[in-house]
Amino acid sequence: MAVTRDLRWNLGALGADYALFLVGLSFASQATILPAFAAHLGAPNVVIGAIPAVMTAGWLLPSLFLAGHTETLARKLPFVLRWTVWERAPFVGLALAAFFLAGPAPAATLVVLLALLLALAGAGGALMPAWMDIVGRAIPVTLRGRFFALANLAASACGFAGSFLTAWVLATVPAPAGYGVCFGLAALCMALSYTALAVVREPAAAAPAAAAMPLSAYLVRARGLLARDRNFRAFLVARAFAVVAMMGGGFYTVAALGAFTPPPGRVGVFTGLLLLGQMAGNAALGWLADRAGHRLVIIAGLAATTAANVVALAAASLRVYEIAFVLAGVQLAAIGISNLNVLLEFAPAAEERPTYIGLGTTSIAPVALGAPLAAGLLVDAAGFVSLGAPLAAGLLVAAAGFPAMFAAAALAGAVGLALLLWTVRDPRRV
């Protein structure tokens, strides 16, 4: 009975923590709000590409280097609560920068923006093995897909409603203050998320905590584990191509602004469509993950992002182009449900979960960092004007460079799909 009560409690507490965190991110979306803010500041495309690169690399790179320490902790929750402040407080800094720094010093604001994004994402990446270990012990494997799907669905629904508020704010509050309001709303959601996390009832570990070892020895052990697990290596290669396929996502908004010149409030609509796609994806893919495995969900998500790049490449009108945001939302749903959950299932033993989380995230970080930057350079090669040039002129010139980048992303997605279908076995069935 106590186990049942704790399960229900933790489903609610962890679900609220995760959902509120995602709602906060929707008010500072790296696919819509942050690129638009950077474009307002006069950023070149390589800097806009650095936004998803910095955030993705920050969430991925540190995990393996903290996974060994995580395995030595008898309880992970106090460790997470102590350090997660550093992935939430930067939103306050973003709001202050938008209100007080962006007007007089746009170039300095771009530096502050990237630094704060690196801080919040780096803290999140360092804590990823510990948080996922808590989830792995608190929630049974046959409920994890639906847990993440329902939490994502609730977050997407709230974020979708919030997108109308975002659209109204950006349409009525002159930039950059409008972006400051959005970042302030993100900070509020992060504070509420922390409150929910603090009341989680962490289950006891099934095995004693691992003995501490030097980082060099731990990395040698992790490398040996990776060398032995052929199926896991094949999955990581396929995932690398999936990351390259996603490099177009950070440019959908900027490309639309340049090609179709919509009013500023339309950025909020883009966010709403992105969240609508997430809602649809979560409604379908969580059930699919628990019944058929996470590999199939990842395949569906990669197919969606490949199709989104094709739409962005070929769309002749804004209404058709907006389908790309819906498809990108489906991919985000698949990532939220399965990208970390599948790593828990690749781990052959519960005590090795932090290591598999670390390997599955850190090993992909170089690609996650390089792909968006390469995308920005590819677009800039078309002759994007320098920092400080008029925004409208810069967007129009940049529009010529987007097709090559979207085509490269679509090709990477097709390769990733082939690898997932033909070289990777579902770990739940191995």
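The values are calculated or read from the model by the stated rules, or taken from the named source; none is laboratory data. Source: prediction; values computed, not measured. Cβ placement follows ideal geometry from the backbone for every residue including glycine, while neighbour counts extend to all protein chains displayed. The protein model used for the area step is the full one, side chains on, heavy atoms only, and it has no ligands, DNA or RNA in it. Shrake-Rupley method; radii C 1.70, N 1.55, O 1.52, S 1.80 Å.
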Go over the candidates Ala242, Ala259 one by one and state the one that is out of contact with any Ser or Thr (no Cβ under 7 Å at 6 or more places or on another chain), surrounded by fewer than 22 Cβ atoms within 10 Å (Cβ to Cβ) and assigned to a helix (DSSP H, G or I). Ala259
Going by what's in this entry, would Phe100 be described as in contact with a Cys (Cβ under 6 Å, 6 or more places away or on another chain), of a type outside the set (Ser, Thr, Tyr) and either open to solvent by less than 50 Å² (accessible area, probe 1.4 Å) or farther than 28 Å from Pro262 by Cβ (or both)? no
Any residue in region 304-313 that is part of a helix (DSSP H, G or I) and either among the hydroxyl-bearing types (Ser, Thr, Tyr) or without any contact (Cβ under 8 Å) to a residue 12 or more places away in the chain (or both)? yes
Say we look at region 156-177 and pick out the residues that are at pLDDT below 90 and of a type in the set (Phe, Trp, Tyr); which of these is least open to solvent (accessible area, probe 1.4 Å)? Phe160
May I ask you to list the residues in region 202-220 that are open to solvent by 80 Å² or more (accessible area, probe 1.4 Å) and of a type in the set (D, E, K, R)? none
Among residues belonging to region 10-57 that are assigned to a helix (DSSP H, G or I), farther than 25 Å from Tyr194 by Cα and of a type in the set (A, V, I, L, M), point out the one that is modelled with the highest pLDDT. Ala38
For region 363-395 the number of residues that are touching a Gly at 6+ places or on another chain (Cβ under 8 Å), under 24 Å from Gly122 (Cβ atoms) and either of a type outside the set (Gly, Ala, Ser) or modelled with pLDDT under 70 (or both) is 3
On the given criteria, is Val46 open to solvent by 10 Å² or more (accessible area, probe 1.4 Å), of a type in the set (Val, Ile, Thr) and touching an Asp or Glu at 6+ places or on another chain (Cβ under 8 Å)? yes
Within region 221-233, restricting to residues that are more than 22 Å from Trp422 (Cβ to Cβ) and not aliphatic (A, V, I, L, M), the one that is least open to solvent (accessible area, probe 1.4 Å) is Gly224
